[in-house]
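Working notes, beginning with the structure itself.
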Amino acid sequence: MANKFIIGILVFLVVLSGGIYAYSYMLSQQLDTLNNQLTTFQDDQEARVSAVSDEITALRGETLAQIDTIEHEIDIANQEIDIVKQEINGASARIGKLEKEVASVATELSEFSQYSIDASEVYQRVGQATVVVSDGDRIVGSGFILSTKAHAVTAYHVVEHLSEIYIILPDGRVSTATVAGTCKYSDIAVLALEDELVIEPPILADSSTVRVGEPVVTIGNPLDLTETLTSGIVSQTNRFVEIEYQPQTRWVANLIQFDAAVNFGNSGSPLVNSKGEVIGMVIARVDPEEGDGIYYAVSSNKVKRVATSLIDQGSFDYPWVGVEIANLTPRIVQDRELETAHGALVKKVLTEGPAEAAGIEADDIIVAIDGMPVKGVADLTSYLGEHKSPDELITLTLLRGTTELELPLTVGKRSS
């Protein structure tokens with residue numbers, strides 16, 4: 001009985017062992033299958049990762065290549081931009097050069113226009129304002145309309161001894177005139193006409209801009225030949241000349257020298273530039289026995305200044321410093337070891353005059369006035385005549401020996 005039990009148990013164990021083996025085998029097979037599947041999955045994933053990596057690497061390479069290409073194109077574009085900038089700069093430089101050339105040509109044309117004159121046009125413009133001055137029987141001089149308020153200007157010496165004055169206008173009308181004021185040191189007289197005018201006066205130019213060599217014309221009444229035009233050029237400016245007025249002589253400053261022919265009867269004529277502007281008033285000529293081709297006109301700036309004062313107050317207070325001066329001679333330059341012949345030598349200081357009060361001494365050399373260089377007597381007298389009035393302060397720069405001094409001076413009034 002026991003043996004059967006044991007045999008039964010053994011059989012059971014054998015069966016159980018076989019079942020366990022079979023189960024183990026099946027489990028092992030399943031594990032192998034899962035392992036194979038896992039390996040396959042890993043291989044697939046690695047393959048996919050590798051493919052993706054390859055794609056990324058390829059894409060990166062393409063991107064880098066594109067970036068390199070773009071950077072190269074940018075470099076090329078920058079180079080082209082630099083070239084364009086250089087071309088623009090070059091073009092700008094050429095444009096600037098052309099602008100300078102155009103400006104230079106314009107300046108040359110402007111300068112050329114100043115040295116050419118349409119005398120006929122100027123005559124038409126200014127001739128209508130030029131008048132004849134008469135004593136009632138004969139022509140004694142010329143003049144020109146100064147303002148629409150019935151004023152005309154002429155030379156002082158033309159009307160100095162006249163008891164009656166008649167003005168013949170360009171349209172033939174005749175008007176009596178009276179003297180509104182005179183300044184003999186400038187040889188200027190302003191006349192007040194009895195009749196009202198409808199004549200446009202000529203423009204008085206800034207005579208400080210007048211240049212030697214520019215063309216001029218004058219319109220006057222020489223030798224009873226009315227409305228006569230002559231032409232020439234400016235010979236020099238700022239002359240200070242001793243002019244003979246019978247029976248005496250007077251030094252006159254602020255003169256423009258020119259060579260347009262003038263004769264008796266031209267005194268008071270307008271001296272006119274290429275624009276038809278009056279730059280001076282004719283007053284004198286060199287005596288034909290001494291020479292020819294040298295004539296003088298008071299500058300328009302001086303005419304304007306004096307005439308305005310004569311109209312406003314009937315007189316002009318002529319500036320005066322109280323010295324007798326002369327131009328430097330070569331001997332003086334050598335003896336005093338001066339660098340140039342520019343300056344005005346003080347020959348005499350007048351008693352109780354402005355120069356004496358300022359401390360100026362004889363033998364001083366005036367080299368500047370208010371900082372403006374003085375080349376000679378004419379520069380000093382011209383500056384005073386056009387720019388200064390009595391009681392105004394000026395500064396004179398002078399040489400005393402080898403010492404340069406600056407002295408303030410209050411301008412005085414020249415006695416009549």
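Details
- GLN66 surrounded by 10 or more Cβ atoms within 10 Å (Cβ to Cβ), modelled with pLDDT under 85 and closer than 27 Å to ASN266 by Cα: no
- Boolean, GLU361 is more than 30 Å from VAL179 (Cα to Cα) and not in a loop (DSSP other than H, G, I, E, B): no
- Residue satisfying all of: in the range 309-345; part of a strand (DSSP E or B) and under 36 Å from the mean Cα position of the chain (by Cα); farthest from TYR156 (Cα to Cα) among these: LEU345
- Within the range 288-309, the only residue that satisfies the criterion of being hydrophobic (A, V, I, L, M, F, W, C) and surrounded by fewer than 24 Cβ atoms within 10 Å (Cβ to Cβ) is ILE294.
- Residue within the range 248-258 that is part of a loop (DSSP other than H, G, I, E, B) and either within 20 Å of VAL153 (Cα to Cα) or assigned by TED's automatic domain parsing to the domain that holds SER231 (or both) present: no
- Pair list, Cβ under 9 Å, 6 or more apart: the range 256-285 residue closer than 19 Å to ILE117 by Cα, other residue surrounded by 24 or more Cβ atoms within 10 Å (Cβ to Cβ) and among the acidic types (Asp, Glu): MET281/ASP187
- The residues listed here are VAL84, VAL105, VAL133; of these, the one that is in contact with a helix residue (DSSP H, G or I) (Cβ under 8 Å, 6 or more places away or on another chain) and either surrounded by 10 or more Cβ atoms within 10 Å (Cβ to Cβ) or at pLDDT below 80 (or both) is VAL133.
- Filter result for the condition that a residue is over 27 Å from LYS275 (Cβ atoms) and outside any loop (DSSP other than H, G, I, E, B), over TYR185, TYR166: TYR166
- Selection from the range 346-358 of residues that are surrounded by 14 or more Cβ atoms within 10 Å (Cβ to Cβ) and either β-branched (Val, Ile, Thr) or within 33 Å of the chain's Cα centre (by Cα) (or both): VAL346, VAL349
- Qualifying residues in the range 287-305 (those that are of a type in the set (Val, Ile, Thr) and at pLDDT 95 or above) - the one farthest from HIS157 (Cα to Cα): VAL303
- Selection count, the range 389-414, where residues are crowded, with 16+ Cβ neighbours inside 10 Å and under 23 Å from LEU328 (Cβ atoms): 7
- Of all residues in the range 233-287, those that are surrounded by fewer than 24 Cβ atoms within 10 Å (Cβ to Cβ) and more than 20 Å from ASN221 (Cα to Cα) total 19.
- Among the residues of the range 192-218, those identified as out of contact with any helix residue (DSSP H, G or I) (no Cβ under 7 Å at 6 or more places or on another chain) and either more than 24 Å from THR230 (Cβ to Cβ) or not in a loop (DSSP other than H, G, I, E, B) (or both) are ALA192, LEU193, GLU194, ASP195, GLU196, LEU197, VAL198, THR209, PRO215, VAL216, THR218.
- Candidate set: the range 391-416, residues that are in a strand (DSSP E or B) and among the acidic types (Asp, Glu); chosen: the one farthest from ASP370 (Cα to Cα): GLU404
The values are calculated or read from the model by the stated rules, or taken from the named source; none is laboratory data. Everything numeric here is computed off the predicted structure, so don't read it as measured data. Here the Cβ is made from the backbone with ideal geometry for all residues, glycine too, and neighbour counts use every protein chain on show.
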